[in-house]
Structures are given as C-alpha cells and as structure tokens.
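**Q** Following this message is one structure expressed as structure tokens.
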Amino acid sequence: MKLQDVYKTYEEDADAVVDFCNELYDINFADYFKTSRELFNRLDSREKPITDDELSWIVVDLPRKLFDVAEVLNTFTVRLTAIKLKVKEKRSQLIKAATEKSVTAKQDAAVIQTIDDELLINAYESIIERVGRELSYSRELIMGAKKIWDRRSKSEGMNPIGEVDPQNMPAYNPNKMPRKDYIYG
C-alpha cells in the first residue's frame, strides 16, 4: 500500500478539519496575535531595526492583550469541557439503547456513532494547544523586547549624544604639556 494513496483517501476530510480549526482560530484569536507576529519579524530585521515605540508596545500593551486572550481561551476551554461531557452522556445513552448482545459490541457501536463528536473535541484541543504556543511565543517576544529596551536605555545613559557648545570647550593648545584637554591617538 502506498502512503500517497492512503493520504488521498483522507485528504478531503483532513483538509476540512484543518479549515474548521483555522476558521475558529481566526474568529477567536488571530487578531490578538497579528501585531505581535509582525513585530517579531521587525525584531529580527537588520534593514529596519525595531523602534522604541514598537518596543514600548510589546512591553506595555502586549501583556494587556494577553489577558484578553486568556479570557477568550478560558471560555473556549469551558466549551470544550461541556462538549466532552455531552459526548460522554450521548455515548452512555447509545450504549443503553444499543441492540448488540455484548457490552464490548455496544461500546464499539457507541464509539462509531460519536466519531464526529470526537473529531470536534480534537479540533478544540488543537486550537487550545495552538493558542498556548502563541502565548508562549508572545511571552518570549516580551522578554526579548525588554532586553533590547534595557540595553538601549543603558547605552544612551553611558554615551549621551547631544549638541556641543563650542564656546564651552577648552582652548586647544598643542604645545601645552601634559596634554590633558584632548585625547591624542
């Protein structure tokens, strides 16, 4: 048996589940992570380094968005729990109503009749795992942005750059010894 043939047998169903998961993710979570994904790419950019305003958004605003995500994720998890309990109840009723003679046959028949329900449970679990990975990714982004922010603020304090007032500079005298006014190379 060739794996490609087996894959083609299930491809349409698998694609439908993937599309369903992506649709639910997009509706419930995608907007929360869109900006952070864009800024992560900017964080890596050599051509256009990330700005202080963007770092500020990551360090200050992104954590607030993550609280919102946590609330939506909690609702999603509660829904999953409700679905699991209802499937368990449905399976129990199917076992009681089954006409098969053995307990194992009744259980197998109930499992077969709830396959679509199990598929929905797996889809929900997949989305919850995906959001968990996005949350971890966002926390890493926050920590990276904080490190860059700290390094930038330290370097500004150590090496302040500002306008030089030529009237406040000491007079240059190349014959003066020892040479304390200017650094010579």
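**Q** May I ask you to list pairs of residues, at least six apart or on different chains, whose Cβ atoms are under 7 Å apart, with the first in the stretch 7-27 being closer than 13 Å to Tyr124 by Cα and the second being of a type in the set (S, T, N, Q)?
**A** Taking only residues 6 or more apart or on different chains, the pairs are Cys21/Ser126.
**Q** Can you pull out every residue in the stretch 34-57 that is part of a loop (DSSP other than H, G, I, E, B) and in contact (Cβ under 8 Å) with a residue 12 or more places away in the chain? Before the answer, list the steps.
**A** First pass over the stretch 34-57, keeping only residues part of a loop (DSSP other than H, G, I, E, B): 45-51.
Of everything in the stretch 34-57, just one residue is part of a loop (DSSP other than H, G, I, E, B) and in contact (Cβ under 8 Å) with a residue 12 or more places away in the chain, namely Ile50.
**Q** Is it fair to say Ala82 is assigned to a helix (DSSP H, G or I), more than 16 Å from the chain's Cα centre (by Cα), of a type in the set (A, V, I, L, M, F, W, C) and more than 21 Å from Gly132 (Cβ to Cβ)?
**A** no
**Q** Okay, moving on. Which residue is surrounded by the fewest Cβ atoms within 10 Å (Cβ to Cβ), if the candidates are limited to the stretch 115-144 and must be in contact (Cβ under 8 Å) with a residue 60 or more places away in the chain, among the aliphatic types (A, V, I, L, M) and out of contact with any Phe, Trp or Tyr (no Cβ under 8 Å at 6 or more places or on another chain)?
**A** Among them, the one singled out is Leu119.
**Q** Answer yes or no: is there a residue in the stretch 4-11 that is assigned to a helix (DSSP H, G or I) and either under 30 Å from Ala145 (Cα atoms) or small (Gly, Ala, Ser) (or both). Talk me through it step by step, then tell me what you get.
**A** First pass over the stretch 4-11, keeping only residues assigned to a helix (DSSP H, G or I): 4-11.
Still in the list and also either under 30 Å from Ala145 (Cα atoms) or small (Gly, Ala, Ser) (or both): none.
Within the stretch 4-11, none of the residues are assigned to a helix (DSSP H, G or I) and either under 30 Å from Ala145 (Cα atoms) or small (Gly, Ala, Ser) (or both).
Yes/no matrix, rows are residues, columns are (1) without any contact (Cβ under 8 Å) to a residue 60 or more places away in the chain; (2) closer than 23 Å to Ile127 by Cβ; (3) buried (at least 16 other Cβ atoms within 10 Å of the Cβ); (4) touching a strand residue (DSSP E or B) at 6+ places or on another chain (Cβ under 7 Å):
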site	(1), (2), (3), (4)
Glu71	yes, yes, no, no
Thr77	yes, yes, no, no
Leu80	yes, yes, yes, no
Lys84	yes, yes, yes, no
Gln93	yes, no, no, no
Ala97	yes, no, no, no
Thr104	yes, no, no, no
Ala110	yes, no, yes, no
Gln113	yes, no, no, no
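Bear in mind that the values in this text are calculations on the coordinates, not laboratory data. These numbers come from a predicted model, not from an experiment. Virtual Cβ from ideal backbone geometry, glycine too; neighbours counted across all protein chains shown.
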